[in-house]
1. Just report the Cα centroid separation between region 331-355 and region 169-193, whole Å.
2. Let's see if you can work this out: charge +1 on each Lys and Arg Cβ, -1 on each Asp and Glu Cβ, no other charges. What is the dipole magnitude of region 615-676 about its Cα centre, in debye to the nearest 20?
3. Can you list residues whose amide H is under 5 Å from Leu684's amide H, if they're 5+ apart or on another chain and H is modeled 1.01 Å from N?
4. Summing Lys, Arg as +1 and Asp, Glu as -1, what charge do residues with Cβ under 12 Å from the Cβ of Pro156 carry, Pro156 excluded?
5. Using the beta-carbon distance between Thr99 and Thr572 and R0 = 56 Å, what value does 1/(1 + (r/R0)^6) give for FRET efficiency, to the nearest 0.05?
6. Given contacts defined as C-alpha pairs under 8 Å and at least six residues apart, what's the relative contact order of region 627-760, whole-number percent?
7. Show that you can apply the helix-only estimate: for the chain, add -39,500 (n - 2.57) for every DSSP H stretch of four or more residues, divide by all residues, and state [θ] at 222 nm to the nearest 500.
8. Any aspartates and glutamates with Cα under 18 Å of the Lys36 Cα? List them, leaving off those in the same chain fewer than 8 positions away.
Amino acid sequence: MPQAPLHGLRVIETATGVSGPYAGRLLASLGACVVKVEPEGGDPARTQPIDDVPLLSGELSPLFIHLNAGKLNVDPNEIDPSWAHVVLAGDVLAALEGTQWDPERLRSHDTRLVTTTAWGADAQDPGSMADELLVQTATGFLGFNGDDGLPPLRLPGWQSQYVAGGLAAAMVQLIGRADASHIDVSWLGALLTATELCYGDALHCQRPREKVGPHPPTAFPSGAIKCKDGHFAPGSIRPIDWEMQCLFYGLPEWTEDPELKNRLTRRHHIPMIWDYISPWYLEREKREIFELALSSPWAGGMVMTPLDALSDPHLAAREYLGKIETPDGPAVGPIRPFRAPGLPVADQEVRSQGSDQAPSVDQRVPLTLRAFSDMRLIEMTISWAGPYVGNVLSPLGIEVIKIESTAPFDGFRTQRPYDHGMRPGQESLVHDNRFYEAGGLFNAVNKGKKDCVINLNAPEGREAFLSLVANSDGLVANFSAHVLPHLGLDFDTIKKANPKFVVVRMPAFGVDGPYSDAVGYGSIIEAMGGVAHRQGYDHEAARVSNIYFPDPTAGIHAANAFLAGVFHADQTGEGMEIDLSQHEAMWQHSGEAIVLASIHGRDIGRLGNREPGEVFAEFVSTKDGWVAVVTPNSAAATVKDALRDAQRLTGQEVVEAVNLRGGKAQICLDPWSAPNESPVSSYLDVVEHPVTGPMRHLASPFVVDGARPTPRSHAPLFDQDTDEVLRTVGQLDESSIRSLRKDGHVGGTLPPPAELGLIYE
């Protein structure tokens, strides 16, 4: 059995709840030795309900099982902090000061600290699991998520805490590579990076984004559509998606209708389309429809429930789920975040509190780690899931090289401006190639990277690319499973150029398995990955959001995959290929639902905007907007009494009234107002761009010894750094570079936007 990627890394986890324990679970499942120490009374996640059904007396929560398998569990008085390379905590600095987990005291042992808290390590309150609705509200994205006339609509479960946990796991792997004693990851900052596209129109085009409801009209048919035995999420973004749907619906004439074939004009005919397609879906089961999609180029996904996941042939073939041993008996849940040599690890056991003997300090082995600035990542990615990796790692000092070509180039270069209009005052950019540099979404998620244009279809281009591989650490590629082998860039070929190189491939459904050839947009992964089943208002049975949340989720896990691979290469001298399924990455954030289904044979209940357990949580309408209110049931009666006249009060007055009575409240802003108000205003960077001028962007989710890293530079212009990268990284001479450029193997110019039909009036 190969050695697991993080073998040799030693972590003490003092955090409780979701975010810190999820970080610890990721690290343990990748081979790190994680020692969990719980406070007196235990981690509250042990007894945390996950829906409206109370736990049985003495039952271990499915949430705790999902988050804590594979960790040793030791009495906190028996563990020596100097045993660990990193301590993973969920406390604010004020609570850690003077304790054995004080960052300065840990540093004296050459042990570093990573914290993950709701509002930041300098806040007064570290936050609790029940604060999820408040954190989601504070980001501002809920202000446009939901339906007109109804309250804002949250993401189901503990999504801000899962996102923060995933990023904290990455920081544990990085902290030894920098002269830093403490890195903090706030849930708020983490979730902001995962909702960045919600801010595209506000920060870049300076215009509001409309609420689109459960079936977004910009790419209709969309959302979760009712079928015979559940729901199905059709993809309708590409022309081929629409064409295949029309053939399946028995309406081939629609493929030639100019009003219907264009997705931006199709919205004007939605009632007519509904009349034709609704009966078609109701006559068919979701897997029957999904099989049609699998047999064709159509992108579509069934809304999978946790019980579906337990019996799904694709997840079974990929061995994503497995047995977890618990004090209450065996359960089934996720046992690895991605596929890599040495995974899954053998230890999949959940221990009782304090049941293990503390490891000896003498067992600690020094790690061989290079500085951030010595690491180099190649991105062969488009859209958001892949580019997310470099976007969060670049500010920390890792050099990121984005590989593009003239065909295809990253389509995010053409998103926002054209479908929602140009930024005021820059309308003229649509008439020349500056158009490709003004895309708000591209510029948001590619900050700090270098751009190198190579034609990988030619042998000369591949050789130029392999020269970069020889002097880099890893590659992240989010194309479909067959692209790299088709280009002649299989892992064996890449490994010959650099035996220590790490390749992270992240297709929608992984490199192999029955669904591996399927196309998956964010909406489809939401449907297939356990989110859509849990999401929506109380009157709904399923819902797909419009924020493409699976993209950053996959990006976070890909960042962990890259860093784990590099850690392994640094310790062993051997690289590895990692197979990351975006589908499985999304299920990681609902693992408790799978565990529940395996134990009790039922699907997790839908909560709408509520929090599970003894907590009152909902949105309250006020005179000037919505306010999220969360309070323990013990104080709920007095808080509800204060909310009787909420519609005659301002949001701020409601917040003050709730706080006075022992509850918590958060005003719900939107992506247009939130950037100008606390707390989001403190999470913004201004980046100067040569085409668009100064632009505001969401900042890094990390705080390193009290300072937030800033972008290294603006998002790169097309072909901006090709020659420099080939010279300094590929070590090619000027004559070779000129010859490659002259013959069209590197560099180039994109066609005028009008030629591609990208200009819309």
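None of the figures in this text is laboratory data; all of them are computed from the coordinates on show. These numbers were taken from a predicted model, which means no experiment stands behind them. Heads up, the Cβs are rebuilt from the backbone with ideal geometry, glycines too, and the neighbour counts pull from every protein chain shown.
1. Measuring centre to centre over Cα atoms gives 23 Å.
2. Working: 6 positive and 7 negative charges, 31 e Å.
Computed about the Cα centre, the dipole is about 160 debye.
3. Correct list: Ala699.
4. Numbers: positive: Arg154, Arg534, Arg543, Arg606, Arg610; negative: Asp51, Glu132, Glu526, Glu540, Glu592, Glu611.
Charge balance in the 12 Å sphere: -1.
5. Values: r = 36 Å, r/R0 = 0.63.
After rounding, the FRET efficiency stands at 0.95.
6. Details: 108 pairs, mean separation 18.5, N = 134.
It comes to 14 percent, rounded to a whole number.
7. Values: 27 runs with 228 residues, N = 761.
Calculated at 222 nm, the ellipticity per residue is -8000 deg cm²/dmol.
8. Glu13, Asp75, Glu78, Asp80, Asp91, Asp102, Glu325, Asp347, Glu349, Asp356
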